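Have a look at the structure below before the remarks.
Derivation of every value follows stated rules applied to the coordinates shown; laboratory data play no part. What you see is a predicted model; the values in this text were computed from it and never measured. Glycine gets a Cβ as well: all are built from the backbone with ideal geometry, and neighbour counts include every protein chain shown.
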Amino acid sequence: MTEPAPTPVTPTAVTPTRDPRISYDAGTYALRLGDDALVLAQRMGEWVASAPQLEEDVALANIALDLLGQARPLLSYAGSLLPGADGAARSEDELAYLRDERDFTNVQLVELADNGDFGRCVARLLVFSAWQQELYASLAGASDDTLAAVAAKAVKEAAYHRDHATQWVLRLGDGTAESHQRMQAAVDAVWPYVEELFEPDAVTSSLAAVGMAVDPASLRDPVLGYVSAVLERATLAVPSTRVRHSGGRHGIHTEAMGHLLAELQHVARSHPGASW
Amino acid sequence: MSAVSGSAADIRSLVAEVPDPEIPVLTIDDLGVLRNVAIDDSGQVTVTITPTYSGCPAMDAIANDVRTRLAAAGHLAVEVRLELSPAWTSDWMSTAGRHKLRNYGIAPPSGRASIRAETPSVVPLTLSVRCPQCGSPDTGELSRFGSTACKALWQCRACREPFDRFKDH
C-alpha cells in the first residue's frame, strides 16, 4: 500500500479578523520570540559531540530540540500574520531559511558564539531560560490564543532548562579556583547582552495594552532576582558593568550572526525546495 | 474501495492502538497524546493529537501512522490536527500505560507532576523512584536528560542497573 502523502500538521488556528495594526504587531512579536528560540537552538546544537561529557551532549541537544519545537509554531504564526509580498502566508521554513540577517529579530544574547567555552554556554542559558520562564508564565494568560498555547506548553520546558543551567553555575562557580574564575569570566562576557531582553518598544507597548504580550520591562526584576540569587549562591559576583548592547529586535546583529546563519541556511539555500 | 462506516468510538479504538514510535510498548492513547476523534456526516475523520514536548520529533510519524491505520480500514478523508492547548502533562498517562512502561524497564512518571507544578516556589523534592528491574526505591539520577525528551537517565543503587525514567512533566 502506498503511504498517504503527509499533510502538514497544523498549529492552533489563527485568530480571524482583527485590527491590521494589531495583527502586524502580533506577527512581529511572534517572530521575535520564534527567532530567539530558533537561533539559540542552533547555537546549542553546536555542542553536540563537543560538550564536556556525554550526558551533557544529550542534555544540550534536548534543550535545543525543545527550543526548536517552540520556534516552529511561533514562526508559523508569524508567517500567517506577516504575509510575503504576494500576500500569501510565509511558512516556518521560509522564515527560518530564506531571511537575511537584517530580517532576524532575535536578541543578540542568543547569537553570541560560545567558541567552545562551556561556561559561556551555561551562563547564557541561565539568563535566557530564567527570562523565558518568566515570559512564558505570563504569556500563558495572554489574550492571544496561539501565543498563550505555545507559552503554556513551553513554560515547563523553560523551567527545566533553568534548573539545569542553575546546577551547572552552582557547580562551576562554587567549584575549584579555576572553574570559579572561568565561570565568572563567562558571566561577565554575557552580561552586556542581558538588558536587551527587558527593552520595551512600540510593538510590545501596543500589544501589552490589549493583553496580547508581556511588557518586557516587567520581567526585569524577577529574572535578575533569580539570576542574581543563583550567582550569589555560586560565590560569583553580579557584574557591575554598565556596557549594554542591543539592536537585535530591529535587525542589528553581532559579527557572530552571519556565521550562524550560514550554517543554518546553507543546505536549504543551495538546494531550494529539496525534501527528504 | 467500498464506503466504510463506523462510529467515532469505533474509529477511536482503531487510532488508540497506534504505538508511540519511540516507546512502542505504549500507544498514543496510553500516553495521553490522543485527544479526540470525530467523524462528520460526510465521513471526514478528524483526529486531534497533542505533543508531549514542544520539539517532540515523533509527531509527524504519529500523524502518518494514524492516517495509514485509518486508510487500511477504508477511511481516506482524514485530517490529523495538532493541538497545543491544554498542554500535555505526564499525569495523562493511563494506569495501564504506567504498568506497561514499568514492565518494559522504564520507570513510569509519578502521576503527580501537576500538583508539584502548582507550587513552583517550593524546591522540588524528588519522590522516590523505584527501580523497574528490582523494585528498590534506592535510586539516583545520573542525568536529567535521556534518549528522548520525555526521559531522564537513572541508576539503581541496589542492583546497580541503569534505567530510563519517564520524567514528571
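Using just its DSSP H runs of length 4 or more, each adding -39500 (n - 2.57), chain B gives a mean residue ellipticity at 222 nm of -6500 deg cm²/dmol after division by all residues. The stretch A:215-270 and the stretch A:176-212 have Cα centres spaced 5 Å apart. Cβ-Cβ distance of A:ASP201 and B:GLU17, R₀ of 56 Å, FRET efficiency by 1/(1 + (r/R0)^6): the value works out to about 0.65. Neighbouring Cβ atoms from other chains, within 10 Å of the Cβ of residues in B:148-158, number 2 on average.
In a fully extended conformation the segment linking A:HIS271 and A:ALA229 would gain 10.3 nm over its present Cα-Cα distance, using 0.36 nm per residue.
As a proxy for reagent exposure, B:ARG112, A:ARG43 were ordered by neighbouring Cβ count within 10 angstrom, fewest first; the result is B:ARG112, A:ARG43. Looking at the stretch B:8-82, the DSSP beta bridges with both ends there are about 55 percent antiparallel. Between A:ASP221 and A:VAL238, the distance separating the two model label sites (each 7 Å from Cα on the Cα→Cβ line) works out to 1.3 nm.
Between B:ASP40 and A:GLU263, the FRET efficiency estimated from the beta carbon spacing at R0 = 56 angstrom works out to 0.75.
Once the Cβ-Cβ distance of B:ALA9 and B:ILE115 is raised to the sixth power relative to R0 = 25 Å, the FRET efficiency obtained is 0.20. Scaled against the 2.2 N^0.38 Å expected of a compact globular protein of N residues, the Cα radius of gyration of the stretch A:27-178 reads 1.09. By the count of other C-beta atoms within 10 Å, a proxy for reagent exposure, A:HIS245, A:HIS259, A:HIS161 are ordered fewest to most as A:HIS259, A:HIS245, A:HIS161.
Shown here: the protein assembly as shown, whose C-alpha atoms stretch 73, 65, 42 Å along the first, second and third principal axes, sorted largest to smallest. The length gained on full extension between A:VAL210 and A:ARG102, counted as 0.36 nm times the residue separation minus their Cα-Cα distance, comes to 36.0 nm. How far is the Cα center of the stretch B:43-100 from the Cα center of the stretch A:117-145, in Å? Taking the Cα centre of the stretch A:117-145 as reference, the centre of the stretch B:43-100 is 28 Å away.
Using a simple spin-label model with pseudo-atoms 7 Å out from Cα toward Cβ, A:ASP86 and A:ALA49 lie 3.7 nm apart. Peptide B:83-89 shows a mean partner chain C-beta count of 6 within 10 Å per residue C-beta.
Other protein chain C-beta atoms within 10 Å of residue C-beta, averaged over A:148-160: 5.
Taking the DSSP beta bridges with both ends in chain B, the antiparallel portion is around 70 percent. Here B:THR95, B:THR27 are placed in order of increasing Cβ neighbour count within 10 Å, fewest first, which gives B:THR95, B:THR27. Taking label points 7 Å from Cα along the Cα-to-Cβ direction, A:THR254 and A:ALA185 give a separation of 1.6 nm. Rounded to the nearest 10 degrees, the angle from helix A:118-139 to the longest Cα principal axis of chain A is 50 degrees.
Pairs of Cα atoms nearer than 8 Å and 6+ residues apart set the relative contact order; for chain A it is 23 percent.
Simple point charges give the picture: +1 on the Cβ of Lys and Arg, -1 on the Cβ of Asp and Glu, and for the protein assembly as shown a dipole about the Cα centre of about 900 debye. Absence of a disulfide-compatible partner, taken as no other cysteine beta carbon within less than 4.7 angstrom, is noted in the protein assembly as shown for A:CYS121, B:CYS56, B:CYS150.
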